[in-house]
Amino acid sequence: MTHSLSDSGWRQAHLGHWLALALQRFDARVLQLMAGNDQVPLALSNLATRGSLTASHIHITRHLALDGSRLTDLAQRAGVSKQAMGKLVDQCEAWGLVQRQSDAQDARARRVVFTATGLAWLQAFEEAVTQTEAELRAAVGTEVATVIAIGLEAYAA
């Protein structure tokens, strides 16, 4: 069986490719803004500036419930393995963003919860996302940004 594949650039010019690049740009800008936020502790700001805090660490910020989450639930919501999420939680715990606590509903289980520093980080994350979304609207126009948001929400559902 012969295939008629052409090297017309389609592999770098399809919607999935653009979505991935847009997400990388969005997350990089969010981290940049968080690094410059006065409310973020200096040690975390330095980690973000040096690239030690990455988009991977944003998984915890995006998916950790305000009242805490079990590691398995956190990993599932983030779409990563329990082992990968465990490593991220270990790093974030060492940086003071989260801590593990006993689960009141199941003595065998542990919950990952934000620390006070982690809640400040979460506030900086919200501010950075809001500003980055505003920058996207300014770059492509309000109407296009609205269509993008509606389309992506419908596609992801």
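The values are calculated or read from the model by the stated rules, or taken from the named source; none is laboratory data. Bear in mind that the values here come from a model prediction, so they are computed numbers and not experimental data. Cβ placement follows ideal geometry from the backbone for every residue including glycine, while neighbour counts extend to all protein chains displayed. What goes into the accessible areas is simple: the full protein's heavy atoms, side chains included, and nothing from ligands, DNA or RNA. Shrake-Rupley method; radii C 1.70, N 1.55, O 1.52, S 1.80 Å.
Of all residues in the stretch 92-137, those satisfying the criterion of being of a type in the set (A, V, I, L, M) and farther than 20 Å from Asp73 by Cβ are Ala94, Ala116, Ala120, Ala124, Ala128, Val129, Ala134, Leu136. The C-beta contact set for the stretch 13-41 (first residue open to solvent by less than 90 Å² (accessible area, probe 1.4 Å), second residue in a loop (DSSP other than H, G, I, E, B), distance under 7 angstrom, 6+ apart or interchain) comprises Leu31/Leu53; Met34/Val40.
Scanning the stretch 86-116 for residues that are touching a strand residue (DSSP E or B) at 6+ places or on another chain (Cβ under 9 Å) and surrounded by 18 or more Cβ atoms within 10 Å (Cβ to Cβ) returns Val89, Cys92, Leu97, Val98, Arg111, Val112, Phe114.
Just one of (1) under 27 Å from Leu19 (Cβ atoms); (2) modelled with pLDDT of 85 or more; (3) open to solvent by less than 80 Å² (accessible area, probe 1.4 Å); (4) of a type outside the set (Phe, Trp, Tyr) fails for Ala48. It is (2). The residues of the stretch 74-85 that are assigned to a helix (DSSP H, G or I) and either open to solvent by less than 60 Å² (accessible area, probe 1.4 Å) or in contact (Cβ under 8 Å) with a residue 12 or more places away in the chain (or both), listed by number, are Leu74, Ala75, Arg77, Ala78, Ala84, Met85.
Here the stretch 54-71 is the region considered, the condition is being within 17 Å of the chain's Cα centre (by Cα) and farther than 21 Å from Val40 by Cα, and the residue that is least open to solvent (accessible area, probe 1.4 Å) is Ser69.
Contact map, the stretch 47-61: first residue free of Cβ contacts under 8 Å to residues at least 12 places away in the same chain, second residue part of a loop (DSSP other than H, G, I, E, B), Cβ cut-off under 9 Å, separation 6 or more or different chains; pairs are Ser52/Trp95. Of all the numbered requirements in (1) touching a Lys or Arg at 6+ places or on another chain (Cβ under 9 Å); (2) part of a helix (DSSP H, G or I), Ala109 misses one, and that requirement is (2).
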